Every structure is written in C-alpha cells, then in structure tokens.
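Below is one structure, written out as structure tokens, with a few remarks after it.
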Amino acid sequence: MELQTKHVYDEASPGDGYRVLTDRLWPRGLSKERAHLDEWAKELAPSTELRTAFHHEGLPWPEFEQRFRAELAANPELAERAAAWAEHDVVTLLYGSHDAQHNQAVVLQEVLEARAEGR
C-alpha cells in the first residue's frame, strides 16, 4: 500500500486511490460531494485538546508530533484501520491545515509506514 497526503480542498484525482479525511472537524465550506471521501477517520485525528493547543495556543510542532504519536499508540482504532487500508493500493490521507508539512496526516502517514515496516 502506498500512503500519501493531500490537502482536502485540492481536487480529487484517480491517483488518490482510497481517500480518508484525518481531521476531527469537517472542513469549512467543503461539501461532502466535493470532498470525494471514502472514509472519515475522525477517531484517528488528534484529540480536541491537542488540536486546540496546536492551532490556537501555539504548541510547538515537535511537542504536537510527540503527543499525537502517543495518542495514536494508545488508540485501538489504529490497528483496525491500518489493516483495512492495507487492502488498497493507494491511500490518501486528507488534511484541512494550510501547512502541508506540519499536520496530523503527515504524522499518521509516518506512524502507519513504520508499522508496515515493523518498526
């Protein structure tokens, strides 16, 4: 399975494969039709507390990343979702953040890739 990330507001394309929204909140102004989602994995999104600390209270990226990795490690949904997504050739993790390098989809991708490699 190939994992990739993409801004949820970008147009869907056939190369996206299985499209998964990784935000806890629905993206503003985006219709369900335009989103072209296969799944909304809000259970794997950062907790409300962590999301608020990062986006509104200035939590530094390294601390957000560390805390989100800990949340994912403790989340029983992760193994189930990873197994289901492994059935697809391509899975695109969608995010609403304006920062393509510092968002939950990037961390989730790294965690899933590490699991697949047995790390």
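Structure above, values below:
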read-out	value
Residue ID - farthest from V90 (Cα to Cα), chosen from residues in the range 11-31 that are hydroxyl-bearing (S, T, Y) and touching a strand residue (DSSP E or B) at 6+ places or on another chain (Cβ under 7 Å)	T22
Evaluation of E63 against (1) without any contact (Cβ under 8 Å) to a residue 12 or more places away in the chain; (2) in a loop (DSSP other than H, G, I, E, B); (3) surrounded by 11 or more Cβ atoms within 10 Å (Cβ to Cβ) (one fails), failing number	(2)
Flag if E49 is acidic (D, E) and closer than 19 Å to E113 by Cβ	no
Residue match in the range 46-59 (condition: over 15 Å from Q104 (Cβ atoms) and in a loop (DSSP other than H, G, I, E, B))	yes
Cross-chain or 6+ apart pairs with Cβ under 6 Å, the range 88-114 first and over 20 Å from S13 (Cβ atoms), then modelled with pLDDT of 95 or more and among the hydroxyl-bearing types (S, T, Y)	Q104/T22; L108/T22
Condition met for L44 (without any contact (Cβ under 8 Å) to a residue 60 or more places away in the chain, of a type outside the set (V, I, T) and under 18 Å from T92 (Cβ atoms))	no
Failed condition for A83, given (1) surrounded by 11 or more Cβ atoms within 10 Å (Cβ to Cβ); (2) assigned to a helix (DSSP H, G or I); (3) more than 12 Å from the chain's Cα centre (by Cα); (4) free of Cβ contacts under 8 Å to residues at least 40 places away in the same chain	(1)
Test: residue in the range 32-40 that is within 19 Å of T5 (Cβ to Cβ), at pLDDT 95 or above, out of contact with any strand residue (DSSP E or B) (no Cβ under 8 Å at 6 or more places or on another chain) and in a helix (DSSP H, G or I)	no
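The values are calculated or read from the model by the stated rules, or taken from the named source; none is laboratory data. As the structure is a computational prediction, the values presented were derived from the model and not from experiment. Cβ sites come from the backbone with ideal geometry, for glycine too, and all protein chains shown count toward neighbours.
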